[in-house]
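The next block holds one structure in the form of structure tokens; read it before the comments.
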Amino acid sequence: MNELKFDPRGFLYPHQKINLTLNAFEDMFVKGFPQSVTRQRLFENYQIYVRDFRQLLTPVFSQWINGSFVTRKTNPRDIDIVTLIDFQTDLEHEKIIAERFVNRKAIEVYGVDAYTLTVFPEAHRQHVQTKSDLLYWNDWFGRSWSNRTGSRHPKGYVEIQFLEN
């Protein structure tokens, strides 16, 4: 892995999806900010979210992580994630996902701003939805909010892959 850096605007560089292990993520974005008063707590809540997701839904998924937590900001307010899950897992656990692992419920329970992206296999008739969603989230996570001149700047974001226990 190349050394990760922040660009002059404080965004993660390189400006692309960057694969990290959970330990490398913690090293860079928690331990790398010893002066932060929010990062450790946010990361601990995130770990509980991941633990519960793995125990209640599936141990195998990927997460894209974005927002101020993956910038140079000392005290981010939350961690923004999109969890990519297999369509069968999504279908089997639709109710608990809605009740606990996305949107306001995830913020209330874990302090994580969470969404899911359903991954349909290529041969599935709804695979086009997966492709569309991947493009949407890659664009959303790969550029900043619009500034006062309407410009959006490129930035990197993190992917963590969770495999069998």
Original post:
How high is the relative contact order of segment 1-131, given as a whole-number percent (alpha carbon pairs under 8 Å, six or more residues apart)?
Top reply: 21 percent
Original post:
Going through segment 92-165, which trypsin sites (Lys or Arg not before Pro) have at most 13 other Cβ atoms within 10 Å and a DSSP loop state?
Top reply: R125, R148, R152
Original post:
So if R0 is 41 Å, what FRET efficiency would K131 and F6 give, r being the distance between their Cβ atoms, rounded to the nearest 0.05?
Top reply: 0.85
Original post:
Length gain on complete extension for the stretch K105 to W140, per 0.36 nm per residue less the alpha carbon to alpha carbon distance?
Top reply: 10.4 nm
Subject >> Per-residue [θ]222 nm for the chain (sum of -39500 (n - 2.57) over DSSP H runs n ≥ 4, rounded to 500) >> reply: -9500 deg cm²/dmol
Subject >> Estimated distance in nm for a label pair at D86 and L163, the labels positioned 7 Å out from Cα along Cα-to-Cβ >> reply: 1.5 nm
**OP:** Compute the signed sum of charges (Lys and Arg +1, Asp and Glu -1) over the other residues within less than 12 Å, Cβ to Cβ, of F61.
**Re:** -3
Subject >> Sites N23 and T149, calculated FRET efficiency, Cβ-Cβ separation with R0 30 Å, nearest 0.05 >> reply: 0.15
Original post:
Each label point is 7 Å from the Cα along the Cα-to-Cβ direction; what then is the distance between the points at R77 and H15, in nm?
Top reply: 2.6 nm
**OP:** Kindly work out what percent of the DSSP beta bridges joining two residues of segment 1-136 are antiparallel, to the nearest 5.
**Re:** 50 percent
Subject >> Using alpha-carbon coordinates, inclination of helix 39-56 to the longest axis of the chain, degrees >> reply: 10 degrees
Original post:
Roughly how tilted is helix 127-142, in degrees to the nearest 10 and between 0 and 90, from the longest Cα axis of the chain?
Top reply: 10 degrees
Subject >> Cα-Cα over 25 Å, subset of K31/K73; K5/K73; K131/K155; K17/K73 >> reply: none
Original post:
With charges only on Cβ, +1 for K and R and -1 for D and E, what is the dipole size of segment 92-163 about its Cα centre, in debye, rounded to 20?
Top reply: 340 debye
**OP:** Please name which of A24, T149, L4 has its Cα lying farthest along the dipole of the chain towards the positive end, using unit charges on Cβ (Lys, Arg +1; Asp, Glu -1) and the Cα centre as origin.
**Re:** T149
**OP:** Take the Cβ-Cβ distance between E122 and V37 as r, set R0 to 30 Å, and report the resulting FRET efficiency rounded to the nearest 0.05.
**Re:** 0.10
**OP:** State the answer as a single residue: which of S68, N138, F162 lies farthest towards the positive end of the charge dipole of the chain, with beta carbon charges of +1 for Lys and Arg and -1 for Asp and Glu, about the Cα centre.
**Re:** S68
**OP:** Please identify the longest segment of the chain free of exposed GluC sites (Glu not before Pro), where exposed means a DSSP state other than H, G, I, E or B and no more than 10 other Cβ atoms within 10 Å.
**Re:** 4-121
Original post:
Using alpha-carbon positions, what is the distance between the centroids of segment 86-109 and segment 20-58, in Å?
Top reply: 19 Å
Original post:
So, with +1 on the Cβ of K and R and -1 on the Cβ of D and E, and no other charges, what is the size of the charge dipole of segment 14-162 about its Cα centre, to the nearest 20 debye?
Top reply: 640 debye
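Values in this text are rule-based calculations from the coordinates and carry no lab data. Source: prediction; values computed, not measured. Cβ coordinates were reconstructed from backbone atoms using ideal geometry, including for glycine residues, and neighbour counts include every protein chain displayed.
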